[in-house]
Amino acid sequence: MKLESFWQATAPVFNGAATAPLPARADVVVVGGGFTGMSAALNLARSGVDVVLLESGNVMSQASARNGGHCNTGLAQNFSALVASKGLEQASRFYRAYDGAVSYVQQLIEEENIDCDFRMCGKIKLASKASHFAGLRDAWQMMRTTVDPDVVLYSKDEIRQEVGSDNFHGGLLQKRGGQMHMGKFGIGLAQAAANSGAKIYPHHAVKGMTRIKGHQHRIQTAQGEIIADKVLMATGCSNVGPFPWFQRRIVPVGSFIVATAPLERALIEGLLNQDRTYVTSMNIGNYFRTTADNRLIFGGRARFAVSNPTSDTKSGEILHRSMVEMFPALAAASIDYCWGGMVDMTADRLPHAGEHEGVFYSMGYSGHGTQMSVWMGSVMANLLMEKRVDNPWQREDWPALPGYHGRPWFLPLAGLYYRFKDRIS
């Protein structure tokens, strides 16, 4: 079992890194080489903007290439619950933003001819307990009359025809869900940005950032400094570096994933006969899908802990047991890859994007960022170019988490809380 992301291990090599020394200045400096940053850099460069992207490690080395590979319409919350908390108009706006983000990813793949195994397959939310089915039914009733007339509700008997497991009590199908190879897509996106003229500097960690005036900042790296007329923060968790304001608002939570060895196609068809993306309804639940080479990618918050080799190994063992419990036919399947990644979780489990003290930002996707981060890169590029654009994640206030300063000391307690909620639900 390799302790590395399957997406990264099987992705092409990025050969678009800048070779010249860091320039003295740029129109825009993007901090972060994941989906948001690369999408923004691509859109800015396409428009003739002088853009420099700084990434502390390799491009696409964090959440963008360490996730479950889903690209779905839908938010982290149950839609009916979101309507109750935000109102129908706002909840519908958020939902349609995610739907549009899936379309944007599909369009971008076609425009840039990115070979990443993309396909639309639909997403099913699975009721892990009989009591959870009522929540899916409420969401279905609300969604089909407002934002998604094609959403389908499955009974317990019907879901057994879709998923070859006795663990589920119904399901909710959103047909606009998709999937892709995250490593191939990410490197393809980065290559497209470089080909369009973006200057991409891997291994250029930001060590300091000082406001000069307005939007203009001086940014220090170990390799030198650069003056940016505008800055876009696209750093996900932001838990490393001189970014205390963001660190007080985002909690990095580990999510862990395993990939099996290639399986017999007949076995996959017997377990997942429509071959969609799937997520269970538990707070500490699972998500899974197959790959183009017939592996099962199976993930979840196996432990409320940060990702590191020890934690990833323990989580991989938990995930393997959960996978076999769900699908006993996979008892003999070996695990080829096991990895973890950090989810940039916000208190309301919704993204945040806007401007703070002259710095633009988009982050906090809370485990649902594959499509939204790519689309928000284009949104933020338009904002930086002072074009009129709809930014659904601009809020007047983004309060800090009380007592939190960037070190998630409370994760074990949060794990106990969510396990208790799952137990009594």
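Of everything in segment 297-354 that's surrounded by fewer than 19 Cβ atoms within 10 Å (Cβ to Cβ) and of a type in the set (Lys, Arg), which residue is nearest to Gly270 (Cα to Cα)?
Applying the filter and picking the extreme gives Arg321.
If the requirement is being of a type in the set (S, T, N, Q) and over 23 Å from the mean Cα position of the chain (by Cα), which of these qualifies: Gln174, Gln161? Working first, answer last.
Values: Gln174 fails: over 23 Å from the mean Cα position of the chain (by Cα).
Step by step, each of Gln174, Gln161 is checked, and only Gln161 is of a type in the set (S, T, N, Q) and over 23 Å from the mean Cα position of the chain (by Cα).
State yes or no: is Gly341 among the small types (Gly, Ala, Ser), within 21 Å of Met180 (Cβ to Cβ) and touching a Ser or Thr at 6+ places or on another chain (Cβ under 8 Å)?
Working: among the small types (Gly, Ala, Ser): yes; within 21 Å of Met180 (Cβ to Cβ): yes; touching a Ser or Thr at 6+ places or on another chain (Cβ under 8 Å): yes.
It is true that Gly341 is among the small types (Gly, Ala, Ser), within 21 Å of Met180 (Cβ to Cβ) and touching a Ser or Thr at 6+ places or on another chain (Cβ under 8 Å).
Among Ser80, Ser56, Ser85, which is over 14 Å from Ile187 (Cβ atoms), buried (at least 17 other Cβ atoms within 10 Å of the Cβ) and at pLDDT below 95?
Numbers: Ser56 fails: at pLDDT below 95; Ser85 fails: buried (at least 17 other Cβ atoms within 10 Å of the Cβ).
Just one listed residue meets the conditions, Ser80.
When you go through Arg303, Arg289 one by one, which is the residue that is charged (D, E, K, R), at pLDDT below 95 and either in contact with a strand residue (DSSP E or B) (Cβ under 9 Å, 6 or more places away or on another chain) or in a loop (DSSP other than H, G, I, E, B) (or both)? Steps first, answer last, please.
Working: Arg289 fails: at pLDDT below 95.
Just one listed residue meets the conditions, Arg303.
Go through the residues of segment 116-128 one by one and say whether even a single one is basic (Lys, Arg) and under 29 Å from Val306 (Cβ atoms). I'd like the intermediate steps shown before the answer.
At the first step, the residues of segment 116-128 found to be basic (Lys, Arg) are 119, 123, 125.
From the residues that got through so far, the ones that are under 29 Å from Val306 (Cβ atoms) too are 123, 125.
Yes; the residues of segment 116-128 include at least one that is basic (Lys, Arg) and under 29 Å from Val306 (Cβ atoms).
Of the numbered conditions (1) within 28 Å of Ile424 (Cα to Cα); (2) in a helix (DSSP H, G or I); (3) not polar (S, T, N, Q), Ala266 satisfies every one except a single condition; which is it?
Result: Ala266 fails condition (1) only.
Taking strands (runs of 3 or more DSSP E) that do not extend beyond segment 130-239, which have at least 2 residues that are in contact (Cβ under 8 Å) with a residue 12 or more places away in the chain, surrounded by fewer than 24 Cβ atoms within 10 Å (Cβ to Cβ) and of a type in the set (S, T, N, Q)? Steps first, please.
Values: elements: 152-154, 171-174, 199-201, 206-213, 216-221, 224-233.
Hits in segment 130-239: 216-221.
Please enumerate the residues belonging to segment 100-122 that are more than 18 Å from the chain's Cα centre (by Cα), among the acidic types (Asp, Glu) and in a loop (DSSP other than H, G, I, E, B).
Within segment 100-122, Asp115 is the sole residue that qualifies.
Is one or more of the residues making up segment 98-114 in contact with a Lys or Arg (Cβ under 9 Å, 6 or more places away or on another chain), under 26 Å from Arg423 (Cα atoms) and touching a residue at least 24 places away in the same chain (Cβ under 8 Å)?
No: segment 98-114 contains no residue that is in contact with a Lys or Arg (Cβ under 9 Å, 6 or more places away or on another chain), under 26 Å from Arg423 (Cα atoms) and touching a residue at least 24 places away in the same chain (Cβ under 8 Å).
Please state which of the following conditions Lys125 fails to meet, knowing it meets all the rest: (1) among the basic types (Lys, Arg); (2) in a helix (DSSP H, G or I); (3) in contact (Cβ under 8 Å) with a residue 60 or more places away in the chain.
(2)
Under 6 Å by Cβ, and 6 or more places apart or on different chains, what pairs join a residue from segment 395-407 that is touching a residue at least 24 places away in the same chain (Cβ under 8 Å) with one that is not hydrophobic (A, V, I, L, M, F, W, C) and not in a loop (DSSP other than H, G, I, E, B)?
Trp398/His352; Gly406/Gln247
Got at least one residue in segment 368-387 being among the polar types (S, T, N, Q) and touching a Leu at 6+ places or on another chain (Cβ under 9 Å)? So that I can check it myself, show each step before the final result.
Keep residues of segment 368-387 that are among the polar types (S, T, N, Q), which gives 370-371, 373, 378, 382.
Right, trim to touching a Leu at 6+ places or on another chain (Cβ under 9 Å) and you get 378.
Yes, segment 368-387 contains at least one residue that is among the polar types (S, T, N, Q) and touching a Leu at 6+ places or on another chain (Cβ under 9 Å).
Look at segment 63-77 and say how many of its residues are part of a loop (DSSP other than H, G, I, E, B), of a type in the set (S, T, N, Q) and crowded, with 24+ Cβ neighbours inside 10 Å.
Initial filter on segment 63-77 (part of a loop (DSSP other than H, G, I, E, B)): 66-69, 72-77.
Subset that is of a type in the set (S, T, N, Q): 67, 72-73, 77.
Filter once more, keeping what is crowded, with 24+ Cβ neighbours inside 10 Å: 67, 72-73.
Residues flagged as part of a loop (DSSP other than H, G, I, E, B), of a type in the set (S, T, N, Q) and crowded, with 24+ Cβ neighbours inside 10 Å within segment 63-77 amount to 3.
Can you find even one residue in segment 368-376 that is small (Gly, Ala, Ser) and out of contact with any helix residue (DSSP H, G or I) (no Cβ under 9 Å at 6 or more places or on another chain)? Show your work before the answer.
Here is the first cut: in segment 368-376, the ones small (Gly, Ala, Ser) are 369, 373.
Filter once more, keeping what is out of contact with any helix residue (DSSP H, G or I) (no Cβ under 9 Å at 6 or more places or on another chain): none.
No, segment 368-376 has no match at all.
The values are calculated or read from the model by the stated rules, or taken from the named source; none is laboratory data. As the structure is a computational prediction, the values presented were derived from the model and not from experiment. Heads up, the Cβs are rebuilt from the backbone with ideal geometry, glycines too, and the neighbour counts pull from every protein chain shown.
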